[in-house]
1. For a 22 Å ceiling on Cα separation, which of these pairs sit above it: LYS54/LYS168; LYS154/LYS204; LYS108/LYS183; LYS63/LYS183?
2. Could you work out how much longer the chain between SER53 and ASP201 gets when fully extended? Use 0.36 nm per residue separation minus the Cα distance between them, nm to one decimal.
3. Take the alpha-carbon centre of region 29-106, take the same for region 148-204, and report the distance between them in whole Å.
4. I need the fraction of alpha carbon pairs in region 148-204 separated by more than 16 Å, rounded to a whole percent.
5. Is the C-alpha gyration tensor of region 75-204 telling us rounded, prolate or oblate? Criteria: a/c under 1.5 is rounded; beyond that, a/b larger than b/c is prolate, otherwise oblate.
Amino acid sequence: MMKFIKGLTLLLLLVCGSQSLQAQTTSTRTGIKVTLSAEEYRLYQLIMEYRKSKNLPEIPLSKSLSYVARIHCRDLYNNKPDLAPGCNMHSWSDKDKWTACCYTPDHKNASCMWNKPSEITNYKGSGYEIACGGDDSLSRTARVGADEALDGWKSSAGHNSVIVNQGKFSDRKWKAIGIGIYKGFAMVWFGEEEDPDGKPDLPK
């Protein structure tokens, strides 16, 4: 059964390095290269179609936020920080050059997440992450696709409000969005500032 994080938290965005199936990512502090996979691009298109049905504008793809989303997916799959006691899918491991974070449902460790973007990319704005993940087993055998992820988020009031600017997100003007999918995890990041590093490359 797929999991959808119910506690949405403000995050400072930035980063992600990974190599996922057809998707490619490289990074330096001065610039990043991201090519979305076909499934990641499909998720972006599905989200934009959903927003259009609500008379909402399209959100530009962000290279930096896609980088962050994808690295987080790989960290969750490979290092499993969300399986530590009390931690959820907004957690990060201590296995790379970022600050480890056990993100708890009460948001007491939110500052650890707020610092993630500036730790790894040039995107300095704040942002929101919505997460969809697989089973709790160490084997991580579950897989998630674009349709399943969006259907899950649409059925969750908290996640849906981020996507279509409802409730406490009604006054947010999203100017950047990042997409990451890797095996059993899908992450989408939203930001209110334009990405200085521009957009990721699209699948061929």
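Each reported figure results from applying straightforward, stated rules to the coordinates on display, with no laboratory input. Worth saying up front: this structure is predicted, and the values here are computed from it rather than measured.
1. Details: LYS54/LYS168 17 Å; LYS154/LYS204 29 Å; LYS108/LYS183 29 Å; LYS63/LYS183 20 Å.
The pairs that break the limit, which is 22 Å between Cα atoms, are LYS154/LYS204; LYS108/LYS183.
2. Gain on extension, SER53 to ASP201, equals 50.7 nm.
3. Rounded to whole Å, the Cα centres lie 9 Å apart.
4. So the portion of pairs separated by more than 16 Å is 54 percent.
5. On the way: a/c = 1.32, a/b = 1.18, b/c = 1.12.
Rounded shape, in that the Cα axes give a/c under 1.5.
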